[in-house]
1. Express in % the proportion of alpha carbon pairs of the range 87-130 at distances exceeding 14 Å.
2. If we count every other residue with Cβ under 14 angstrom of residue 61's Cβ, Lys/Arg +1 and Asp/Glu -1, where does the sum land?
3. Give the lysines whose C-alpha is closer than 26 Å to that of residue 14, dropping any in the same chain fewer than 8 places away, or say none.
4. How far apart, in nm, are two points set 7 Å out from the Cα along the Cα-to-Cβ line at residue 107 and at residue 67?
5. For residue 43, what is the net charge nearby, where nearby means another residue's Cβ is under 9 Å from its Cβ and Lys, Arg count +1, Asp, Glu -1?
6. Pop the C-beta distance of residue 127 and residue 148 into the FRET formula with R0 = 35 Å and round what comes out to the nearest 0.05.
7. Taking H placed 1.01 Å from N in the peptide plane, check which residues at least 5 places from residue 81 or on another chain put their amide H under 5 Å from its amide H.
8. Sum -39500 (n - 2.57) across every DSSP H segment of at least 4 residues in the chain, then divide by the residue count to get the 222 nm mean residue ellipticity, nearest 500.
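Readers should treat all values here as calculations from the given coordinates under stated rules, not as data from a laboratory. Since the structure is predicted, the reported quantities are computational estimates derived from the model, not experimental observations. Positions of Cβ are backbone-derived with ideal geometry, glycine not excepted, and every protein chain shown enters the neighbour counts.
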Amino acid sequence: MILSDTRILEEIEKGTIVISPYDRKYLGTNSYDVHLGKYLATYKDRVLDARTHNEIDHFEIPAEGYVLQPGTLYLGVTEEYTETHAHVPFLEGKSSTGRLGIDIHATAGKGDVGFCNTWTLEISCAQPVRIYAGMPIGQLIYFVVEGEVATLYNKKGNAKYNNRTIKPVESMMWRNEF
């Protein structure tokens, strides 16, 4: 079950959902709009290796915007820091973003109960497109969880994305054993 706007507000009041900064005008019927933060990153190497730490270069989006190029994976970040203590958050692209040919996540649209951080975006584009810090980039949808959660994400010892950040975070796949 997806939370409605009324339920999202109730959960914010209870503290089970935290969105910062929060502005009521970004609350939709059953979602909350999130915005592109001021930092992007690209991988230093063109060929990535799942078993090694692939380093990234961070840069700030200039006031005049930044033109994304097809064939490059950009890591972005939401302006909004979020916490979800009783629901499963899903990050989806906005239709307006998609209609510009921008994808905001390749596979990581679902968060975990207990996720407390900004969201790293896996941005790609179909054709060159200029983007801006602060532009609406996606929407958070919250799902009800059935049953008791044994360990919240922010309490897991092996959680790889728990360090609070305002910059995009590279893949931590290399920390897995395989």
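1. 51
2. Counting the neighbours of residue 61, the net charge comes to -1.
3. Residue 14 reaches 25, 110, 155, 156.
4. 3.2
5. Charge balance near residue 43 sits at -2.
6. Using R0 = 35 Å, I get an efficiency of 0.15.
7. Those lying under 5 Å, H to H, from residue 81 are 20.
8. -2000 deg cm²/dmol
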